[in-house]
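Student: Below you'll find the structure I mean.
A short reminder: the numbers here are calculations on the coordinates, not readings from a lab. Because the structure is predicted, anything quoted here is derived from the model rather than measured. Quick reminder, even Gly has a Cβ in these numbers, built from the backbone with ideal geometry, and neighbours come from all protein chains shown.
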Amino acid sequence: MEKSKVSDILDEIGTLLELRGENPFKCRAYHNAARAIEGVTGDLNALVTSGEIRNVKGIGEAIAEKIAELLSTGKSKYYEELKASLPEGLMTMLKIPGVGPKKVKVLYEKLKLKSVNELEAACKAGKLEKLEGFGKKTEENILAGIEALRRYSSKFLFSVAEKAAINVFEVLSKQKGILRAEIAGSLRRKKEVIGDIDIVASAKKSAVDAIMKMFTSHPDVARITGEGPTKSSVVLNTGINCDLRVVDDAEFPFALNYFTGSKDHNVRLRTIAKKFDLSLNEYGFSRTGSEEKRGKAKKIVACKTEEDIYRTLGLSYVPPELREDFGEIEAAEKHSMPTLISEKDIRGTFHCHTSYSDGANTLLEMAEASQSLGWEYLGIADHSKIAAYANGLTEARVKKQQKEMESLNQKWSGFRIFMGTEVDILPNGELDFSDNVLSTFDYVVASVHSSFKMTESDMTKRIVKALKNKYVTMLGHPTGRLLLQRDAYPINQTAVIDAASDYGKIIEINAHPFRLDLDWRMCKYAKDKGVKIAINPDAHVVDGLLDVRYGVGIARKGWLEKKDVINTLRLAEVKKLFGIRIT
DNA sequence: GCCGTTTTCGGCCCGACTGTTTTCAGTCG
């Protein structure tokens, strides 16, 4: 059993105990243990066998036994019994924003509600307001929460969908008879959230049957929803729909282009094609125009690659990440496509957490992971003291962490840890550390993590006040555009970017889909104002560092070039930017 | 259920908001 699976089960035990109203500290012990396991490096099996697992903080005798049982038998009797004691639907009810274990427990015990559907009906019938501690407003909030849950339940985070897609794709692309294969759709466009996975392949006719068979019998497939000679559809174990289309190799670039989308981008391409008397679809170009013209050039225009398609239409090649009809067609017509940043351009990052606060990995592990990515630096910005939920650092712990950073920095040449902090912007715009403390950091990220429901004007004032502080280097997740997040707050982005420009501050763009802040229009505004932008991978774990890829996708949609994004700067340039003496 | 020790059991992260109450419980980050 995988480490993450063990961690998931421990976490679920904690939640099940909460639903049963057990000792809250016991519940928390399971949640803590789940986090501890997630953060363990190395082989879990070996740790359990050697008994070293007991040295992991948060793992005691009872939980260690359960982990050992999970690893050796794949099951846990305790977990199974706990799960069987409650209806499955209760866990889904917990996903509704504003609904926690205590409420679910009451709803189950008093109203016998066992599922989201039953809860919805009860709300509509006004049954909840009769319960103690519930009211009309609670019903309204729950109904709105259910709607939000339904809207997003069929969506998956990029990183989740990508992992699922790669598992299938790797096996598929090695299949005999495959000529070309690509992951298409919103995944190829690096959208923040993904609806389903589209794979396009070309193959020899004789091999198609075997390829389809291989696809539908892949171990990750939970259910087959369609199987034909050109298209098969499955639902993967993760719950994501996955389509495979197999076409003739001559059709491949057209199919890839068509199924990559976006729909709006494709509509624009087809409109342009018409000007050339061409018709474009997922199979190829064909001549339209007069009978005479068709007679002369009956043959369709052959294209070997997507680049050929764009060239035929008189356009520069448009990278998938820009295909949203956000102005990329116009740029391609003028052959003025910007030089966008790529993963290779990233030299480091500035907003990572470690196990000092709520990160899963130690400072050393994070630093080593960055070096293995070929980066020149890593900026650590753990939470400040008021963020107790995230184990924010007190002044004393800041000192300790900085000491560790200094000693690590002495070990390496050509790589540097930047000592930062993610300091909370308090409701009144003051910061959670004194200027004295702030002055000890290489740079300071200032973020809002509380009191989200201020008016736009008050929130903007709060943030602008924080930006004025001379020790603040950048504004952390300036949340204005909301996606799936709960900790969203209203700000006047234009005013905040103006302030950033006035005070020479950096603005973050989040690679984290729950905190997607600046859309491409705001990026453009920031760029025009000369405000530098940092990609924030919001990395709490080593794996999370890799999410920078996906930050690159977002940066691309923001039309950001290398020079606009500070994560692409060389070490010496960053030192200069932060005002650190170059030694 | 875990931790840390004062080795046998008490304490376990905090602040704000919301909706319910009329002083507080539940939820969230």
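Student: Where a ≥ b ≥ c are the square roots of the eigenvalues of the C-alpha gyration tensor, would you call chain A rounded, which needs a/c under 1.5, or, failing that, prolate if a/b is larger than b/c, or oblate?
Tutor: It is oblate, given that a/c is not under 1.5 and a/b is not larger than b/c.
Student: What's the FRET efficiency of A:Thr494 with A:Ser4 using the Cβ-Cβ distance as r and R₀ = 41 Å, to the nearest 0.05?
Tutor: Taking R0 as 41 Å, the efficiency between A:Thr494 and A:Ser4 is 0.50.
Student: Count neighbours as other Cβ atoms within 10 Å of each site's Cβ, and list the trypsin sites (Lys or Arg not before Pro) in segment A:379-470 that are DSSP loop with at most 16 such neighbours.
Tutor: Loop-located and lightly packed - A:Lys453, A:Lys470.
Student: A follow-up question, please. Provide the percentage of antiparallel DSSP beta bridges, counting only those with both residues in chain A; round to the nearest 5.
Tutor: 40 percent
Student: What spacing in nm lies between the two simple spin-label points modelled at A:Lys105 and A:Asp519, each 7 Å away from Cα in the Cβ direction?
Tutor: If labels sit at A:Lys105 and A:Asp519, their model points lie 4.2 nm apart.
Student: By the scheme Lys and Arg +1, Asp and Glu -1, what is the net charge of all other residues having a beta-carbon under 11 Å from that of A:Asn241?
Tutor: -2
Student: Taking square-rooted eigenvalues a ≥ b ≥ c of the alpha carbon gyration tensor, is segment A:394-504 rounded, prolate or oblate, where a/c under 1.5 means rounded and, failing that, a/b exceeding b/c means prolate?
Tutor: Prolate, because a/c is 1.5 or more and a/b exceeds b/c.
Student: What is the spin-label model distance, in nm, from A:Ala207 to A:Lys562 if the labels are put 7 Å beyond Cα along the C-beta direction?
Tutor: 3.7 nm
Student: Same structure, new question: ³J(HN,Hα) across segment A:43-53 via Karplus (A = 6.51, B = -1.76, C = 1.60, θ = phi - 60°), whole Hz, x for Gly/Pro?
Tutor: In residue order, the calculated couplings are 7, 5, 4, 5, 4, 6, 4, 7, x, 5, 4 Hz.
Student: Please check which bits of segment A:548-570 a label hung off A:Lys344 would reach, taking the label as a point 7 Å along Cα-to-C-beta and the cut-off as backbone N under 15 Å.
Tutor: Backbone N within reach: A:562.
Student: Where does each of A:241-247, A:189-195 land if you order them by average Cβ count within 10 Å, highest first?
Tutor: Put in order of decreasing packing, that is A:241-247, A:189-195.
Student: Take every DSSP beta bridge with both residues inside segment A:343-577 and express the antiparallel ones as a percent of the total, to the nearest 5.
Tutor: For segment A:343-577, the DSSP antiparallel bridge percentage is about 5.
Student: Also, quick follow-up: Work out from phi, with θ = phi - 60° and the Karplus expression 6.51 cos²θ - 1.76 cosθ + 1.60, the ³J(HN,Hα) of each residue of segment A:341-347, listed in order in whole Hz, and give x for Gly and Pro.
Tutor: Once rounded to whole Hz, the list reads 6, 10, 3, 4, 6, 5, 9.
Student: Let me ask something additional. Using DSSP to call loops (not H, G, I, E or B), can you name the trypsin sites (Lys or Arg not before Pro) in segment A:87-130 whose Cβ has at most 15 other Cβ atoms within 10 angstrom?
Tutor: The qualifying sites are A:Lys95, A:Lys112.
Student: To continue, here is another question. So how do A:350-361, A:26-37, A:226-237 stack up, highest first, on mean other-Cβ count within 10 Å?
Tutor: Order by mean packing, descending: A:350-361, A:26-37, A:226-237.
Student: Can you work out the FRET efficiency for the pair A:Asp264 and A:Ala62, with r the C-beta to C-beta distance and R0 = 60 Å, to the nearest 0.05?
Tutor: With a Förster radius of 60 Å, E is 0.60.
Student: Got a sec to turn the phi values of segment A:400-405 into Karplus ³J(HN,Hα) couplings, 6.51 cos²θ - 1.76 cosθ + 1.60 with θ = phi - 60°, whole Hz, x for Gly and Pro?
Tutor: 4, 5, 4, 4, 5, 4
Student: Can I ask one more? Suppose the chain between A:Lys529 and A:Thr362 were pulled fully straight at 0.36 nm per residue; how much longer would it get relative to their current alpha carbon spacing?
Tutor: So the chain would gain 56.4 nm between A:Lys529 and A:Thr362.
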